[in-house]
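Only one structure is covered here, and it is reproduced in the block below.
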Amino acid sequence: MWNLARVAWNLRQSRRLSFAIPLSISATQIDPSFFKRGLPLTTCKGFSTLETQESGGLIPSELLTKKSVLRPDRDIGQYADLVTRVTNFHGEDKGFMVLAGDVFDVPIRKDIIHRVVRWQLAKRQQGTHSTKTISEVSGTGRKPYRQKGTGRARHGTLRGPQFRHGAIMHGPKPRSHAIKLQKKVRRLGLKIALSARTAEGKLIVFEDLALPSHKTKNIVNYVAQMENTKKVLLVDGGPIDDKLKLATRNLHYVNVLPSIGLNVYSILLHDMLVMTQDAVNRIVERMHTPINR
C-alpha cells in the first residue's frame, strides 16, 4: 500500500471543526445567509465548518442535533457530519451539501484497507493459466525402445516432462484466485477510503458532470486548474454521459466510474476524488442499506 503512510500522516496533521446537521435536511434547505452573519467561518482543505456561539443564537435550533459541540482540536474519525461546498467544472458556487459522518468521517484503519485491496486484486485475477499434463500432450504412446540391453535409461513414453515437447508436471490449471471477505468489512473499507480522502481535502462535490462538448481539451483545462493533482477519479450517480466518456477516454490520468462501481482500490489509485451530489446520495444510501445475510 504505497500511499497509506502518506494518508495516515496527513490525517494526523489535519484539524477540522464539525457542523452538526441532521441528514434529513438537504443542501437546498441550508440558507446561505447563515454563513454571512458574522459566524466564525473556518475552511479546512476545502471543507467549510462552523463554530456555534452560545450567546449569539445565530444557528437555528432545528438545524442542530443533540450532539455536543466538538472543539477544533478533536481527533479525526468521530462520525461527525460535515458541510462541504458544491461546485462544478467552472468553479461556480452551487451551495452546500451535508456529508454523513458515519460514511465520510470514520476512524482510519490501514489493516482494513489492506484486506479489502487484497480481496479486490485476488478476485479480479482471470485464473485462465493452464498447462498440459502427460495425458493431454500430443504424441505417440508406444514405448520408445526396449526395456533392457540398450545401456540407456528406461523410458515408457516420449511424452514425459524430461523430453522436449513433453508434459508439464504440477503446472497451473484454471482456477479462481478469489478469497472470502465479509460484506461488513468490504463496506467498512469503502467508508475508510472515503473518510481518508475527505480528511485530506481530496474530495470535491460537483453539482453534475455536464460538459459543453465532447472535446478532450475541456477536461484537460479543468484538471489543470486543480492544485497538486496527478490523477482524477470522476464519480457520477447514474450512467456516464456520452460526452464525458468521449472527453476522458484518451486521458490516462482521468477515469470515470458510476457510483455503483466505486471501490477502495480505485480511490487509492487517484489522488483526487470528484463526486456528484447524486453519487454522494447513492453511496450514503448504499452504506445505510442493511446487509443481506
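The values are calculated or read from the model by the stated rules, or taken from the named source; none is laboratory data. None of the values given here were measured: they were computed from a predicted structure. A quick note on method: Cβ atoms are made from the backbone with ideal geometry, for glycine too, and the neighbour counts reach across all protein chains shown. Heavy atoms of the whole protein, side chains included, go into the accessibility calculation; ligands, DNA and RNA do not. Shrake-Rupley method; radii C 1.70, N 1.55, O 1.52, S 1.80 Å.
How many residues does the stretch 191-247 hold that are surrounded by fewer than 13 Cβ atoms within 10 Å (Cβ to Cβ) and within 21 Å of residue 285 (Cα to Cα)?
Number of matching residues: 2.
Please enumerate the residues belonging to the stretch 177-212 that are of a type in the set (A, V, I, L, M), modelled with pLDDT of 95 or more and either touching a Pro at 6+ places or on another chain (Cβ under 9 Å) or in a loop (DSSP other than H, G, I, E, B) (or both).
Matches in the stretch 177-212: 178, 179, 181, 192.
Rundown of residues vs (1) out of contact with any His (no Cβ under 8 Å at 6 or more places or on another chain); (2) over 30 Å from residue 265 (Cβ atoms); (3) in contact (Cβ under 8 Å) with a residue 60 or more places away in the chain, yes/no style:
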residue: 99; (1), (2), (3): yes, no, yes
residue: 105; (1), (2), (3): yes, no, yes
residue: 112; (1), (2), (3): yes, no, yes
residue: 121; (1), (2), (3): yes, no, yes
residue: 125; (1), (2), (3): no, no, no
residue: 129; (1), (2), (3): yes, no, no
residue: 149; (1), (2), (3): yes, yes, no
residue: 158; (1), (2), (3): yes, yes, no
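Give the residue, chosen from 144, 174, 107, that is open to solvent by 60 Å² or more (accessible area, probe 1.4 Å) and part of a loop (DSSP other than H, G, I, E, B).
Checking each option against the conditions leaves just 174.
Considering each residue of the stretch 213-232, count those that are closer than 17 Å to residue 244 by Cβ, part of a loop (DSSP other than H, G, I, E, B) and at pLDDT 90 or above, and give that number.
Adding up the residues that qualify gives 4.
Return yes or no: is residue 268 within 21 Å of residue 120 (Cα to Cα) and either assigned to a strand (DSSP E or B) or over 20 Å from the mean Cα position of the chain (by Cα) (or both)?
no
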